[in-house]
Number of protein chains: 2
Amino acid sequence: MIYFDNAATTLHKPPQVIEAVTKAMTTMGNCGRGAHPSSRRAAGAVYEARQKLARFFSCSREDHVVFTANATHSLNLAICGLFSPGDHVITTVAEHNSVLRPLYRLEGQIGLQTDYIPTDAKGVLQLSKLEEFLRPNTKAVICTHMSNVTGNITDLETVSAFTKKHGLLLVVDGSQSAGYLPISMKEMAIDILCVTGHKGLLGPQGTGCLLLREGISLRPLTVGGSGVQSYLKEQPPKLPEALEAGTLNTHGIAGLSAAMDYLEEMGLEVIKEKEDALTRYFYENIRHIDGIRIHGDPEGSHGPIVALNLPNMDSATLADCLAEDYGIATRPGAHCAPLMHKALGTDTQGLVRFSFSHFNTCEEVDLAVTALKELRQQD
Amino acid sequence: MIYFDNAATTLHKPPQVIEAVTKAMTTMGNCGRGAHPSSRRAAGAVYEARQKLARFFSCSREDHVVFTANATHSLNLAICGLFSPGDHVITTVAEHNSVLRPLYRLEGQIGLQTDYIPTDAKGVLQLSKLEEFLRPNTKAVICTHMSNVTGNITDLETVSAFTKKHGLLLVVDGSQSAGYLPISMKEMAIDILCVTGHKGLLGPQGTGCLLLREGISLRPLTVGGSGVQSYLKEQPPKLPEALEAGTLNTHGIAGLSAAMDYLEEMGLEVIKEKEDALTRYFYENIRHIDGIRIHGDPEGSHGPIVALNLPNMDSATLADCLAEDYGIATRPGAHCAPLMHKALGTDTQGLVRFSFSHFNTCEEVDLAVTALKELRQQD
């Protein structure tokens, strides 16, 4: 199988990630729940992973790296923990349901006020409108770093300049960009960064994290065992325990930690160059297929995703043909980002997303190009 | 190292669990996010795991098995999703902070009314008092199946008779009992069962689940991507998606699924018999140590835990000596169950918990007995 669904989850993990998980499953006790060697080993591994993630994303404190189960958990924690009645937030139509649905829920529950930055016809966010949406009660901007539908990259410098100028918080969903684009919380003045471990970071499923700038306080989403200050009725206020109730996924975190080593050794610039080359190669070879519609702005600031439709063919049918006749894995349909589909006019047809990893090859891309050309002729 | 901290997490996982995780990490895409083989493989593995868990716990529907990150997540989901202002709940002083802290929070947030069943001097719950605590607005009883501090087993039949008689919901924390005691949601009339995957169920960390009786409805704790009905503003109402926003830990779930096979093949009665034999053997050999204080009721209905203190020695000191001088891993201090420690009078000294797995041996227990005797003499 040729796997072009890396934006859903990367299938090819570096061997050291798998080895680290295996080793953790045979040697690690419960992190922070005892002082014997296997418990200390777990605690040490988790601490190392925090250090690596803090360094990777230029987060000023490793104890402000909070482990979660996935980006959805991170985003719910950020959004539910941040806002109070009367707050206004600016977000975008490029957001995933893991941002939209928590916001919709708070609209109903606490009367949160929300505005959505629109896109142009290519799905590019119209950030020039940021100022128009500013209100006296605006508390934060929440935006994705890269659209999971189109691969369009958000110009975070512009957003960051806006949030700094007006003293707003900047919450970034780095689910699609982490492990592909460099993200510096310090340079980009990001207050809360939410990422998942199992996509570009190449770690196991069941891992994610939320990184906080020092001084930002969040109400916890879950409360419970903390391993420290057991007699407090509330979750202990100190990070990371404040936001990490219950037993951590040490086995998964050990894998993510090994993945961070791989990324550091390989270097993001090498990974990005490889993925960009594959994406460009694919795009250049399919863009002239008669009637093909390519969504997003692949000639602009764009990640390793190409979203497309063939005319007169439902996206699910196209993806099924690719999978069954050519052994090519893509993702069709709606991609949990309903406002983006509406903006692109693909809310009925859906779209087929090709998403690349640096483990993919030009030969695999060649096969996909041939497949699309043949399917178009049969259409 | 001799590992007697199995109530914190089981360190020895069956080899097939590790193999299943490894295989999942090399073959499985994102469950429910596409229709290509690696995504379908993930979806199939998750569905199989639901079936096994439903069968294991006699839950009537496999789609009412909801995967979570751990028991804390399950319990927060149950407690935050169930209660409304004006409700009253009966719980116990044997509960873990993963029950207590969510309840305390709701007391403050929505005025939830809570009563706590006390224990006798051996930490045994005084269930005869259940009727005294009943109010017209009592909605549920939440109780642990086995104390994580003492190993005392809750007489669920009595609790269940009470909840059935008065039409209350029964929420059970099976964190410590699952994989040791049989739990039948059907026979015990359990409405919501919360378990973790990484203790007696022998699965990986980062896995847990909540099992719901048909007809019980919970508000979701997190909302976001669902893979289906992307255009709904709310989380889709159908289980399990209703309570499972975001990418599942398919890698961990595959491991848990393999662990369920192991448990089925081995049989709980065999596991229980082995663990009971080790626990009894340990207890019988230490109970006459001069001045030793054994907490809980090891001669009553009791699981594979022995909680103890030596006189004049802080529990942390004792556990450190056991670890450093004898290579024996136990857990000292407070065990995230503050009300139980107050009931036992161990809130200052803490206590040392020995918790056994069927992978432990009599020879290991012999060493622990010798260690305790020697440490007592030095005391």
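The values are calculated or read from the model by the stated rules, or taken from the named source; none is laboratory data. The shown structure was predicted, so the numbers you read here are calculated from the model rather than taken from an experiment. Don't worry about glycine lacking a Cβ; one is built from the backbone with ideal geometry, like all the others, and counts go over all protein chains shown.
The residues in segment A:182-200 that are under 10 Å from the mean Cα position of the chain (by Cα) and either within 14 Å of another protein chain (Cβ to nearest Cβ) or in a loop (DSSP other than H, G, I, E, B) (or both) can be counted, and the count is 7.
For segment B:249-262, a residue qualifies if it is out of contact with any Leu (no Cβ under 7 Å at 6 or more places or on another chain) and either part of a helix (DSSP H, G or I) or within 30 Å of B:Gly350 (Cβ to Cβ) (or both), and the qualifying residues are B:Thr250, B:His251, B:Gly252, B:Ile253, B:Ala254, B:Gly255, B:Ser257, B:Ala258, B:Asp261.
When segment A:1-10 is examined, which residues are found to be buried (at least 23 other Cβ atoms within 10 Å of the Cβ), in contact with a helix residue (DSSP H, G or I) (Cβ under 8 Å, 6 or more places away or on another chain) and not charged (D, E, K, R)?
A:Tyr3, A:Phe4, A:Ala8, listed by residue number.
Here A:His145 passes the criteria (1) within 14 Å of chain B (Cβ to nearest Cβ); (2) under 19 Å from A:Asp191 (Cβ atoms) except the one numbered (1). Do the conditions hold for A:Ala254, that is, is it touching a helix residue (DSSP H, G or I) at 6+ places or on another chain (Cβ under 6 Å), modelled with pLDDT of 95 or more and aliphatic (A, V, I, L, M)? Spelling it out, A:Ala254 is indeed touching a helix residue (DSSP H, G or I) at 6+ places or on another chain (Cβ under 6 Å), modelled with pLDDT of 95 or more and aliphatic (A, V, I, L, M). State whether the residues of segment B:310-330 include one that is within 19 Å of the chain's Cα centre (by Cα) and surrounded by 17 or more Cβ atoms within 10 Å (Cβ to Cβ). Yes, the conditions are met somewhere in segment B:310-330. Considering each residue of segment B:29-38 in turn, none proves to be in contact with a Gly (Cβ under 9 Å, 6 or more places away or on another chain), in the same structural domain as B:His251 (by TED's automatic domain parsing) and at pLDDT 95 or above.
Does segment A:230-289 hold any residues that are aliphatic (A, V, I, L, M), crowded, with 18+ Cβ neighbours inside 10 Å and in contact with a Cys (Cβ under 9 Å, 6 or more places away or on another chain), and which are they? A:Leu248, A:Ile253, A:Leu256, A:Leu278, listed by residue number. Scan segment B:135-160 for residues that are assigned to a loop (DSSP other than H, G, I, E, B), under 22 Å from the mean Cα position of the chain (by Cα) and over 18 Å from A:Val223 (Cα atoms) and the total you get is 7.
Scan B:Glu275, B:Glu244, B:Glu284 and give me the residue that is of a type in the set (Asp, Glu) and not assigned by TED's automatic domain parsing to the domain that holds B:Ala368.
On the way: B:Glu275 fails: not assigned by TED's automatic domain parsing to the domain that holds B:Ala368; B:Glu284 fails: not assigned by TED's automatic domain parsing to the domain that holds B:Ala368.
It is B:Glu244.
Residue check: A:Glu132 meets all listed conditions (1) part of a helix (DSSP H, G or I); (2) in contact (Cβ under 8 Å) with a residue 24 or more places away in the chain; (3) over 25 Å from A:Lys272 (Cβ atoms) but one, namely (2).
If you go through segment A:81-118 and keep only what is within 8 Å of another protein chain (Cβ to nearest Cβ), within 22 Å of B:Ser74 (Cα to Cα) and more than 15 Å from the chain's Cα centre (by Cα), you end up with A:Arg101, A:Pro102, A:Arg105.
For segment B:304-326, how many residues are closer than 19 Å to B:Ile2 by Cβ and out of contact with any His (no Cβ under 7 Å at 6 or more places or on another chain)? Don't jump to the end; show me each part of the working.
Taking segment B:304-326 as the starting set, the residues that turn out to be closer than 19 Å to B:Ile2 by Cβ are B:304-308, B:310, B:315-326.
Applying the additional criterion that residues be out of contact with any His (no Cβ under 7 Å at 6 or more places or on another chain) yields B:304-306, B:310, B:315-322, B:324-326.
Total meeting the criteria: 15.
Across segment B:283-306, the qualifying residues are those that are in contact with a Pro (Cβ under 9 Å, 6 or more places away or on another chain) and in contact (Cβ under 8 Å) with a residue 12 or more places away in the chain, and the one among them that is nearest to B:His145 (Cα to Cα) is B:Ile305.
Residues that are hydrophobic (A, V, I, L, M, F, W, C), closer than 18 Å to A:Arg219 by Cα, buried (at least 23 other Cβ atoms within 10 Å of the Cβ) and touching a Phe, Trp or Tyr at 6+ places or on another chain (Cβ under 8 Å): does segment A:92-108 have at least one? Scanning segment A:92-108, I find no residue that is hydrophobic (A, V, I, L, M, F, W, C), closer than 18 Å to A:Arg219 by Cα, buried (at least 23 other Cβ atoms within 10 Å of the Cβ) and touching a Phe, Trp or Tyr at 6+ places or on another chain (Cβ under 8 Å), so the answer is no.
Can you tell me which residue in segment A:227-258 is farthest from the other protein chains (Cβ to nearest Cβ), limited to those that are more than 30 Å from A:Thr22 (Cβ to Cβ) and of a type in the set (D, E, K, R)? Among those that are more than 30 Å from A:Thr22 (Cβ to Cβ) and of a type in the set (D, E, K, R), it is A:Lys238. Report yes if B:Ile271 is farther than 30 Å from A:Thr346 by Cβ, away from chain A (no Cβ under 14 Å) and part of a loop (DSSP other than H, G, I, E, B), otherwise no. Taking the combined requirement at face value, the residue does not satisfy it.
Each row is one residue, and each column tells you yes or no for (1) among the aromatic types (Phe, Trp, Tyr); (2) touching a strand residue (DSSP E or B) at 6+ places or on another chain (Cβ under 7 Å); (3) away from every other protein chain (no Cβ under 14 Å); (4) on the phi > 0 side of the Ramachandran plot.
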{"residue": "A:Leu130", "(1), (2), (3), (4)": "no, yes, yes, no"}
{"residue": "A:Thr150", "(1), (2), (3), (4)": "no, yes, yes, no"}
{"residue": "A:Lys164", "(1), (2), (3), (4)": "no, no, yes, no"}
{"residue": "A:Leu202", "(1), (2), (3), (4)": "no, no, no, yes"}
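Consider segment A:15-65 and keep the residues that are among the basic types (Lys, Arg) and under 22 Å from A:Pro237 (Cα atoms). The one that is farthest from the other protein chains (Cβ to nearest Cβ) is A:Arg61. On inspection, B:Glu273 does not qualify as within 19 Å of B:Ser74 (Cβ to Cβ) and among the charged types (D, E, K, R). Within segment B:204-225, the set of residues being more than 7 Å from chain A (Cβ to nearest Cβ), surrounded by 24 or more Cβ atoms within 10 Å (Cβ to Cβ) and in a loop (DSSP other than H, G, I, E, B) comprises just one member, B:Thr207.
Being surrounded by fewer than 21 Cβ atoms within 10 Å (Cβ to Cβ) and among the polar types (S, T, N, Q): is that true of B:Thr163 here? Break it down into steps so the answer makes sense when it comes.
On the way: surrounded by fewer than 21 Cβ atoms within 10 Å (Cβ to Cβ): no; among the polar types (S, T, N, Q): yes.
Considered against the rule, which asks whether it is surrounded by fewer than 21 Cβ atoms within 10 Å (Cβ to Cβ) and among the polar types (S, T, N, Q), B:Thr163 comes out as no.
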